[in-house]
Amino acid sequence: MDPGTWPMVAHPVGLGTILEENGLKITAIEADHPPIVPAYAYRFDYKGRSVVITGDTKYNRRIAEASSGVDVIVCEAIARPIVKALEDASRAGGSERRAAIMHDIQDYHIAPEEAARLANEAHARLLVLYHLLPAPDGALARRVFASGIDDVRSEGWTIAADGSLYTLPAGSDAVETKTIR
């Protein structure tokens, strides 16, 4: 199927608390991901622990405010310099459609440094970057992808890998991490 013809329809769930039962509270937060409107981030609170999952978004203050005091922010990220290089290479190679996509996605995804700023503003214990554009394969690519984060947030961040598991034990401030393979 041609990606230009995919039917993309978001069904609004409403903002604010969308579920509260058995001690679990789920809050929908307005994200900024045009042309997809509405777009949501979600906050999960349970037994004194909390996680925010941004989904695709640009940086926006609403998510930072709604994430206040969260244990973990799980945030997508885009390495704009790499995507810009892909845009330029696509254009140089005659692939205008690919170049246009690479150009457009830079406007509605969050850069790693912006995600770090969001986590700082929220006073989040841990920032976990996931759904990375482009996906960095290998240690060197991950280092390039993350360049600049330490200037904003020197600790309390990581890049998730397939199989990453983050556990928030109830009655604790700990964030336990491990990889399941």
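Find the residue count for the range 96-143, including only residues that are free of Cβ contacts under 8 Å to residues at least 24 places away in the same chain, loosely packed, with under 15 Cβ neighbours inside 10 Å and not basic (Lys, Arg).
8
Going through the range 34-56 one residue at a time, which ones are part of a strand (DSSP E or B), of a type outside the set (A, V, I, L, M) and closer than 18 Å to Val13 by Cβ?
Tyr40, Tyr42, Arg43, Phe44, Asp45
Please enumerate the residues belonging to the range 42-69 that are under 24 Å from Ala135 (Cα atoms), surrounded by 20 or more Cβ atoms within 10 Å (Cβ to Cβ) and of a type in the set (A, V, I, L, M).
Val51, Val52, Ile63, listed by residue number.
Output the strands (runs of 3 or more DSSP E) that fall wholly within the range 77-181 and possess 1 or more residues being of a type in the set (A, V, I, L, M, F, W, C) and in contact with a strand residue (DSSP E or B) (Cβ under 6 Å, 6 or more places away or on another chain), or say none.
Fully inside the range 77-181 and qualifying: 126-133, 157-159, 164-167.
Would you confirm whether or not the range 70-85 contains a residue that is farther than 22 Å from Phe145 by Cα, buried (at least 18 other Cβ atoms within 10 Å of the Cβ) and in contact (Cβ under 8 Å) with a residue 12 or more places away in the chain?
yes
So which residues in the range 111-149 are within 17 Å of Pro81 (Cα to Cα) and among the β-branched types (Val, Ile, Thr)?
Val144, Ile149
All of the numbers you see were taken from the coordinates with simple rules; none came from a lab. Small disclaimer: the values here were computed from a predicted structure and weren't measured. A quick note on method: Cβ atoms are made from the backbone with ideal geometry, for glycine too, and the neighbour counts reach across all protein chains shown.
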